[in-house]
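Worksheet for the structure shown next.
The values are calculated or read from the model by the stated rules, or taken from the named source; none is laboratory data. Since the structure is predicted, the reported quantities are computational estimates derived from the model, not experimental observations. Glycine also receives a Cβ, built like all others from the backbone with ideal geometry; neighbour counts cover every protein chain displayed.
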Amino acid sequence: MNSLTDITAARTGAPNPGDKRMSHAHISLQNIHKSYGEALAVDRLDLDIEEGKFIAIMGPSGCGKSTMLRMLAGLEDVTSGDIMREGQRINDLAIWERDMPMVWQSLALFPFLTVRENVEFGLRMKGVGGAERRSRALEWLGKLGLEGYANRGIDQLSGGQRQRVALARCLVTEPSVLLLDEPLSALDAHLSVQMQGELKRLQRELGITFVYVTHSHSEAFSMADTVVIMNQGRIEQAGSPEDIYLRPATPFVARFLGGSSIFDCKTRRRKNGELTLESTDGSFSYTGPELVEQDEGDEVSLIVRADQISIAPGAGWAENEVSARVVGEEFVGALVNLRLETAAGTPITVQLQQRDMQALDIEVGASVTASWHPEDGHIIKT
Ligand code: ADP
Ligand code: MG
């Protein structure tokens with residue numbers, strides 16, 4: 001059994017009766033539209049967000065991620081549709097009544113206040129008294145590793161420390177939902193990785209719902225319980241990181257995540273039930289998990305992940321093989337991503353260990369054969 005069927009079997013198994021939170025939509029966006037004049041920023045968007053979960057929202061620039069978050073926060077009106085929380089419509093609640101603060105990249109800390117005063121600010125807005133404000137602010141500065149910085153000015157902090165102050169300022173009000181819009185994108189790579197670990201730990205320990213917009217695949221896939229991929233104001237797919245990685249629902253998702261080869265095909269059934277996929281790159285055999293769902297003559301995309309493709313110099317012997325030319329290579333640690341192109345112009349991505357690449361002795365410009373097993377790959381109806 002390959003790992004894909006293992007995971008499929010595990011995921012379609014009986015639900016865990018001990019999981020009380022299952023299918024409990026804490027926040028629900030229902031048929032949300034947002035237009036700016038003629039331009040549609042968010043289009044018929046439906047999304048359920050479960051309590052205590054970490055949701056990552058991804059998608060190309062301009063697809064409506066920030067607009068969606070700002071509507072949740074109450075910073076932006078909804079053109080039509082309902083934002084529900086615990087079954088109550090909250091469209092008309094003001095920002096401070098929503099208990100959903102937002103952290104974003106440009107931080108918006110007050111430069112004329114000290115670190116502690118910045119953190120106290122949210123509590124001041126809620127009318128919490130001075131002594132309690134101070135002790136809660138100090139407590140949160142401690143939790144975020146900033147105990148020695150309470151009396152500093154904001155301009156005396158590093159980028160990472162400022163980001164922590166911004167988080168403390170939101171968390172001190174003990175919200176049940178935190179909205180984060182690319183909060184780590186201004187940090188350098190090392191600090192960003194460190195903050196990812198801390199954010200995930202905080203989210204788990206506090207049981208807060210995180211709605212986290214990011215353009216970084218590694219942030220989304222390492223931290224989130226649910227990943228949402230948006231495109232042009234709509235949701236293309238929402239699912240667990242494994243689901244999205246193993247079974248992208250649309251060619252857009254596969255393309256957006258990268259690292260896969262996509263073949264446009266037409267299906268033809270063989271006597272034994274197997275599928276033959278006809279493409280401009282030749283015909284392929286398919287026996288993978290979506291076999292039964294396909295009818296004869298369907299237009300489909302065959303998605304093959306870079307780690308499922310092997311290459312050999314010259315002509316091969318495998319059932320599914322395509323001749324291609326090496327057009328580029330990219331070294332990522334011990335791995336190499338090799339970019340190929342077929343005679344029909346289809347791009348193919350192959351992932352190899354560096355030592356295998358050396359053994360194959362392949363260079364850019366070389367002709368190779370790419371192949372994969374008929375049980376590998378994933379089919380999407382188009
Ligand atoms: P993302 O965060 O995914 O990059 P945004 O939500 O910021 O995208 O923007 C979605 C779309 O709405 C874009 O086309 C953007 O130009 C447009 N938009 C966002 N804010 C405004 C605004 N205040 N006025 C007009 N258009 C806007
Ligand atoms: Mg944005």
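Data for the structure
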{"quantity": "Checking Ala189 against (1) of a type in the set (Gly, Ala, Ser); (2) over 16 Å from the mean Cα position of the chain (by Cα); (3) within 16 Å of ligand 2 (Cβ to nearest atom), the condition it does not meet", "calculated": "(3)"}
{"quantity": "Exclusive hit being under 15 Å from the mean Cα position of the chain (by Cα), in the same structural domain as Ile229 (by TED's automatic domain parsing) and either closer than 29 Å to Glu174 by Cα or in contact (Cβ under 8 Å) with a residue 24 or more places away in the chain (or both), set Ser35, Ser61", "calculated": "Ser61"}
{"quantity": "Given (1) at pLDDT below 95; (2) surrounded by 13 or more Cβ atoms within 10 Å (Cβ to Cβ); (3) within 16 Å of ligand 1 (Cβ to nearest atom); (4) not basic (Lys, Arg), index of the condition Ser106 fails", "calculated": "(2)"}
{"quantity": "Residue check for Ala25: under 28 Å from Arg204 (Cβ atoms), hydrophobic (A, V, I, L, M, F, W, C) and away from ligand 1 (no atom under 16 Å from the Cβ)", "calculated": "yes"}
{"quantity": "Selected residue [aliphatic (A, V, I, L, M) and under 27 Å from Met195 (Cα atoms)] from Ala73, Ala41", "calculated": "Ala73"}
{"quantity": "Selection from region 323-337 of residues that are of a type in the set (A, V, I, L, M) and either without any contact (Cβ under 8 Å) to a residue 12 or more places away in the chain or in a strand (DSSP E or B) (or both)", "calculated": "Ala324, Val326, Val327, Val332, Leu335, Val336"}
{"quantity": "Yes/no for Glu97 being modelled with pLDDT of 90 or more, of a type outside the set (Ser, Thr, Tyr) and in the same structural domain as Ile208 (by TED's automatic domain parsing)", "calculated": "no"}
{"quantity": "So Val42, is it within 16 Å of ligand 1 (Cβ to nearest atom) and in contact with a Gly (Cβ under 7 Å, 6 or more places away or on another chain)", "calculated": "yes"}
{"quantity": "Top-ranked residue in region 53-80 [being crowded, with 18+ Cβ neighbours inside 10 Å and on the phi > 0 side of the Ramachandran plot; ranked as farthest from ligand 2 (Cβ to nearest atom)]", "calculated": "Gly74"}
{"quantity": "Some residue of region 101-112 being farther than 27 Å from Ile27 by Cβ, touching a Gly at 6+ places or on another chain (Cβ under 9 Å) and assigned to a loop (DSSP other than H, G, I, E, B)", "calculated": "yes"}
{"quantity": "Residue match in region 247-255 (condition: buried (at least 20 other Cβ atoms within 10 Å of the Cβ) and part of a helix (DSSP H, G or I))", "calculated": "yes"}
{"quantity": "Within region 273-322, tally of residues that are in a strand (DSSP E or B) and either among the basic types (Lys, Arg) or more than 19 Å from Ser260 (Cα to Cα) (or both)", "calculated": "4"}
{"quantity": "Qualifying residue in region 19-39 (condition: modelled with pLDDT under 95 and within 16 Å of ligand 2 (Cβ to nearest atom))", "calculated": "yes"}
{"quantity": "Qualifying residues in region 233-254 (those that are of a type outside the set (Gly, Ala, Ser), more than 24 Å from Glu51 (Cα to Cα) and out of contact with any Leu (no Cβ under 8 Å at 6 or more places or on another chain)) - the one farthest from ligand 2 (Cβ to nearest atom)", "calculated": "Arg247"}
{"quantity": "Residue that is touching an Asp or Glu at 6+ places or on another chain (Cβ under 7 Å), in the same structural domain as Leu141 (by TED's automatic domain parsing) and either buried (at least 18 other Cβ atoms within 10 Å of the Cβ) or over 24 Å from Trp140 (Cβ atoms) (or both), where the choices are Asn118, Asn91", "calculated": "Asn91"}
{"quantity": "Region 45-58: number of residues that are over 17 Å from Gly87 (Cα atoms) and out of contact with any Lys or Arg (no Cβ under 6 Å at 6 or more places or on another chain)", "calculated": "6"}
